[in-house]
Amino acid sequence: MAIDHVTTLECTICGREYDPDQVIYTCPEEDGVSGILEVKYDYDVIHDNFDADLDGTIDSQWKYEAFLPVDDEADVVTLNEGGTDLFDAPNLSEELGVETLVKDDGRNPTGCFKDRASSVAVTKAKHAGRDIITCASTGNAAASLSGYAARGGLDCRIFVPGDAPAGKLAQPLVYGADVLAVEGSYDEAYDLSVEVTDEYGWYNRNAAINPFQVEGKRTVGHELAEQSRVRGEIPDWVVFSMGDGCTIAGAWKGFREFYDLDYVEDTPRMLGVQAEGASAIHDAFHDHDDVDDIADTLADSIAVGRPRNTIKACRALEESGGTSLLVEDEEILEAEKLLGSTEGIYTEPAGATPLAGVRRAIEEGIIDTGETVVVNSTGFGLKDTESAKRATGDVMRIDPDIAEVQQRYDVPESAAADD
Ligand SMILES: *Cc1c(COP(=O)(O)O)cnc(C)c1O
Ligand SMILES: [Zn+2]
């Protein structure tokens, strides 16, 4: 084997270590699939293999291949995911009163952040000689995995909740996947996908139970570190929405690795944002005991009742000195409109959730004026136009008559005539 930079898989609950060569999803010593494994690396090997310049030029996440848990002989399955822009957001910053930057991951090949993980998962599955890959998804992971499975020549069979937005159901069909729309919640679709993995041995890319899945998500942390280094300033806060919690955990791990290797001089605090109606990670982080597993939010990508990666997500919040908070659906929709109308960045509700969280955090004194904040737009707005229309209201309908325009904009009649 030639993955000599991966040392062990360590259980996040009992600390037992496993050989990464075996396909083990979760620690057999724990109940069900609760014993999520953490991939451990030999950073001396990584440092020796990583010879890219940290100059801000990032064509894809595979710039950081030395950090990714793939065999160096493997054929990489990629659509050039990652390398997304970190935009200054002057209009938005003025509106908020806090310097804000936007990392636009909606620009990934299938329109969302999850492409970082799918590329790694399909590369690994293909190299291991697997020909069927599966996952359960609130929508985006399904679309993403399907695209990469097509690219890699693998069969893809996915489980989604039946009420996922239409755009997210159409996308995997175009990529040629079998889409099994489960009459039930994401949590039920997830359990079913785990069952088929056990029974039929399909390669499972699910959030958290596949320990390698989250590893691709580290590259957003690597990129943020590199981009911050080039800007000459480490942000005070990096903000993500949380569903299963893999995204924020991966992002933190990546950033921290660059800090540990002395590529950057400081780390940001992580702010994790959930919807009021799907708050399990927030509840766990703040030791609330009235925890339920209801998932009721229009931000479908984070409508998760029983998050699979609460432990790693809470660790990211804690280690970074960060925190979590909740926002209402109304605030998410307002944030979607705000980001679009101030900076021309169209995001889906889960991608707007971080911005809604920043507004809350400023109000509550968690974020101070004078601090710098990165909001991560994790998915593209066209994925869910239904919600967008709820955020904006409808178009103005008029007759094809200039008088109607004149009436609406109150243009003097003579000026209209001159044009
Ligand atoms: C999946 C997803 C998230 C949440 O990521 P988790 O790893 O489940 O916490 C956020 N935004 C978008 C657009 C997503 O698709
Ligand atoms: Zn264990």
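Key figures for this structure:
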| quantity | calculated |
| --- | --- |
| Whichever residue in segment 94-106 is open to solvent by less than 20 Å² (accessible area, probe 1.4 Å) and of a type outside the set (A, V, I, L, M) and, among such residues, is farthest from ligand 2 (Cβ to nearest atom) | Thr100 |
| Filter result for the condition that a residue is within 16 Å of ligand 1 (Cβ to nearest atom) and open to solvent by 10 Å² or more (accessible area, probe 1.4 Å), over Ser185, Ser144, Ser137, Ser118 | Ser185 |
| Top-ranked residue in segment 52-70 [being among the charged types (D, E, K, R), touching a residue at least 12 places away in the same chain (Cβ under 8 Å) and over 23 Å from Arg205 (Cβ atoms); ranked as nearest to ligand 2 (Cβ to nearest atom)] | Asp59 |
| Matching residues in segment 255-268 - criterion: being surrounded by fewer than 24 Cβ atoms within 10 Å (Cβ to Cβ) and either without any contact (Cβ under 8 Å) to a residue 40 or more places away in the chain or within 16 Å of ligand 1 (Cβ to nearest atom) (or both) | Phe258, Tyr259, Asp262, Val264, Glu265, Asp266 |
| Unmet requirement for Asp44, which otherwise passes all of (1) without any contact (Cβ under 8 Å) to a residue 24 or more places away in the chain; (2) closer than 23 Å to Cys135 by Cα | (2) |
| Residues (open to solvent by less than 10 Å² (accessible area, probe 1.4 Å), more than 14 Å from Gly106 (Cα to Cα) and not aliphatic (A, V, I, L, M)) located in segment 348-386 | Gly357, Thr372 |
| The lone exception for Val291 - which of (1) out of contact with any Lys or Arg (no Cβ under 8 Å at 6 or more places or on another chain); (2) hydrophobic (A, V, I, L, M, F, W, C); (3) within 16 Å of ligand 1 (Cβ to nearest atom) it fails | (3) |
| Count of residues meeting criterion [modelled with pLDDT under 95, of a type in the set (A, V, I, L, M, F, W, C) and either open to solvent by 50 Å² or more (accessible area, probe 1.4 Å) or more than 15 Å from ligand 2 (Cβ to nearest atom) (or both)] in segment 14-43 | 2 |
| Residue that is nearest to Trp202 (Cα to Cα), among those in segment 1-38 that are within 16 Å of ligand 1 (Cβ to nearest atom) and β-branched (Val, Ile, Thr) | Val33 |
| Residue pairs meeting the criteria (Cβ under 9 Å; at least 6 apart or on separate chains; first closer than 22 Å to Ser301 by Cα, in segment 381-408; second at pLDDT below 90 and open to solvent by 60 Å² or more (accessible area, probe 1.4 Å)) | Asp384/Ala166; Thr385/Ala166; Glu386/Ala166 |
| Which listed residue is under 25 Å from Ile345 (Cα atoms) and touching a Leu at 6+ places or on another chain (Cβ under 8 Å), from Glu99, Glu95 | Glu95 |
| Residue match in segment 364-375 (condition: of a type outside the set (Phe, Trp, Tyr) and part of a helix (DSSP H, G or I)) | no |
| Unique match (being farther than 24 Å from Glu65 by Cα, in contact with a Leu (Cβ under 9 Å, 6 or more places away or on another chain) and crowded, with 17+ Cβ neighbours inside 10 Å) among Pro172, Pro211, Pro165, Pro109 | Pro172 |
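Listed here are the residues, each with its yes/no results for (1) at pLDDT 95 or above; (2) within 12 Å of ligand 1 (Cβ to nearest atom).
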residue	(1), (2)
Ser301	no, yes
Arg315	yes, no
Glu319	yes, no
Thr323	yes, no
Ile332	yes, yes
Leu338	yes, no
Tyr346	yes, no
Pro349	yes, yes
Pro354	yes, yes
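The values are calculated or read from the model by the stated rules, or taken from the named source; none is laboratory data. The structure displayed is predicted, hence computed values, not measured ones. Every residue, glycine as well, gets a Cβ built from its backbone with ideal geometry; the counts of neighbours run over all protein chains shown. Surface areas here come from the heavy atoms of the whole protein model, side chains and all, with no ligands, DNA or RNA. Shrake-Rupley method; radii C 1.70, N 1.55, O 1.52, S 1.80 Å.
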